[in-house]
1. Could you tell me how many cubic angstrom of Cα convex hull volume region 22-108 has per residue?
2. Let me have the relative contact order for region 22-108, percent, based on Cα pairs under 8 Å that are six or more residues apart.
3. What is the list of residues in region 62-99 whose amide nitrogen lies under 13 Å from a point 7 angstrom out from the Cα of residue 41, following Cα to Cβ?
4. Once the piece of chain linking residue 83 and residue 69 is laid out straight, how much longer is it, given 0.36 nm per residue of separation minus the C-alpha distance between them?
5. Grab the beta carbon distance between residue 94 and residue 32, set R0 = 30 Å, and tell me the FRET efficiency rounded to 0.05.
């Protein structure tokens with residue numbers, strides 16, 4: 001069952017309830033976190049979506065709360081933090097940003 005379609009000049013992306021978090025996407029909270037991780041800014045999507053797909057469910061509850069708090073931040077702030085141009089003031093946000101950056105680096109093979 002296709003839930004949505006995103007189309008631009010070069011790409012057509014279809015997604016369904018089985019995309020991303022797979023069976024875990026059925027929970028309301030996981031679904032909300034997954035969709036809020038899709039920011040609409042390609043650079044952020046390429047970092048946040050793989051992290052939430054592979055790591056979010058295994059995070060401690062406090063880290064999940066930090067990730068959810070991170071999603072409430074502005075895209076410009078997220079971009080600066082994830083590109084390591086600035087650091088968040090909150091220690092909790094610093095820790096989750098560091099985990100996301102490390103995950104991205106390891107997934108990219110650097």
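1. Values: hull volume 7.9 nm³, N = 87.
Each residue corresponds to 91 Å³ of Cα convex hull volume.
2. On the way: 54 pairs, mean separation 22.9, N = 87.
Contact order relative to length: 26 percent.
3. So the set is 71-86.
4. Working: separation 14, 0.36 × 14 = 5.04 nm, distance 1.84 nm.
Stretched fully, the residue 83-residue 69 segment lengthens by 3.2 nm.
5. On the way: r = 24 Å, r/R0 = 0.79.
Calculated value: 0.80.
Since every read-out is calculated from the coordinates, none of them should be taken as a lab result. In this text, all values refer to a predicted model and were calculated from it rather than measured experimentally. No Cβ is skipped: glycine too gets one built from the backbone with ideal geometry, and neighbour counts run over all protein chains shown.
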